[in-house]
1. Filtering the stretch 152-178 down to residues that are in contact with a strand residue (DSSP E or B) (Cβ under 9 Å, 6 or more places away or on another chain) and free of Cβ contacts under 8 Å to residues at least 60 places away in the same chain, which residue is least open to solvent (accessible area, probe 1.4 Å)?
2. Based on what the data block shows, is Leu20 more than 29 Å from Ile213 (Cα to Cα) and among the aliphatic types (A, V, I, L, M)?
3. Working carefully through the options Ser55, Ser39, Ser50, find the one that is among the polar types (S, T, N, Q) and under 24 Å from Asp123 (Cα atoms).
4. List pairs: first residue in the stretch 233-255 and in contact (Cβ under 8 Å) with a residue 60 or more places away in the chain and part of a strand (DSSP E or B), second residue open to solvent by 30 Å² or more (accessible area, probe 1.4 Å) and among the small types (Gly, Ala, Ser) anywhere in the structure, Cβ distance under 8 angstrom, at least six positions apart or on different chains.
5. Answer yes if at least one residue in the stretch 130-146 is under 29 Å from Lys190 (Cβ atoms), small (Gly, Ala, Ser) and part of a strand (DSSP E or B), and no otherwise.
6. Pull out all pairs, ordered by first then second residue, where Cβ-Cβ is under 9 Å, the residues are six or more apart or on different chains, the first lies in the stretch 187-199 and is at negative phi and at pLDDT 75 or above, and the second is of a type in the set (A, V, I, L, M, F, W, C) and not in a strand (DSSP E or B).
7. Looking at the stretch 45-68, is at least one residue among the basic types (Lys, Arg), part of a helix (DSSP H, G or I) and in contact (Cβ under 8 Å) with a residue 24 or more places away in the chain?
8. Restricting to the stretch 179-200, what's the tally of residues that are assigned to a loop (DSSP other than H, G, I, E, B) and open to solvent by 30 Å² or more (accessible area, probe 1.4 Å)?
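The values are calculated or read from the model by the stated rules, or taken from the named source; none is laboratory data. Note that the structure is predicted; figures quoted are calculated from it, not measured. Note: ideal-geometry Cβ built from the backbone for every residue, glycine included; neighbour counts use all protein chains shown. These area figures cover heavy atoms from the full protein model, side chains too; ligands, DNA and RNA do not enter into them. Shrake-Rupley method; radii C 1.70, N 1.55, O 1.52, S 1.80 Å.
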Amino acid sequence: MNKKKKIKDYLKNGYCIIKLFKNSEIDFVKKIIVKKLQSLDEKKLLKNLSTRNLSNYHCLNIKDEDHKKILKTSTRFIKLNYSLNKSIKNLEILKLIMTETWGHEDASLYWVGSLKKQNIKSDVIGFRISRPNEIKNNDATGIHIDLHVGGKICKDNNALITLWIPVMGYSSKYSLNFSPKSHLINHPIKKFKKSKTVTNIFTDQYLKRFKFIRPNLKKGDAIIFHPNLLHGNSFNNGKRTRFSLEARVYNKRNMINWQGLQS
């Protein structure tokens, strides 16, 4: 890995792609996700779910109301084992990016469902499920930036860094949709759509000026991206269900921006 090039990519384009996990570690993460989903499934609709048929989640014909209950924002996270958690926290390229942009590497890993409701968990990461677009076209969040977390707006570009990690679905049909270099622009709040969701998404008219891409990734890859980078509308254009992880690393010296996250 050319570390200098990765840092240059992050600073210039707002993202870089790195190898984070081994293939065997991704397979282990699948087991964690299956176990978590089954623990959230009160109706036992997922009793036959396994790592072997995880990509066919969409074939289970689960009603939308049950799907939403299983994947509530307040519980849509997993706790990794010590080794995997350490892989993220001690990722050298991430530390170098922190040092370059924050001036230090003092960080904490949090999952934030809602700051207003104090739905906050430390040392866990979020996960998402996106069914094929031809079946369900509402499994993707609209275009947004991660400075708007848990219903709160932060204007500090040094507040956090996000890692997007595909667990199942790696090609451009499945991967994260984002706009390179959009992190360099001060996105105006007045360009938000009117929405009842916690996430503030931007209007289609505002987004016309930006070019979006979806890279081809490999198993174990991760996209490290800037909190002000436009991303979202990552619809699943493949034939199988996509599973992905979201790890958000917060700047511990700027925690005043996130009431409720202070240690």
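1. Selected residue: Ser175.
2. No, not satisfied.
3. After ruling out the rest, the residue left standing is Ser39.
4. As it stands, the answer is Val249/Ala107; Tyr250/Ala107; Asn251/Ala107, since those pairs meet every condition given.
5. Looking through the stretch 130-146, none of the residues is under 29 Å from Lys190 (Cβ atoms), small (Gly, Ala, Ser) and part of a strand (DSSP E or B).
6. Correct list of pairs: His187/Ile145; His187/Leu147; His187/Leu230; Lys191/Leu207; Phe192/Ile201; Lys193/Ile201.
7. No.
8. 13
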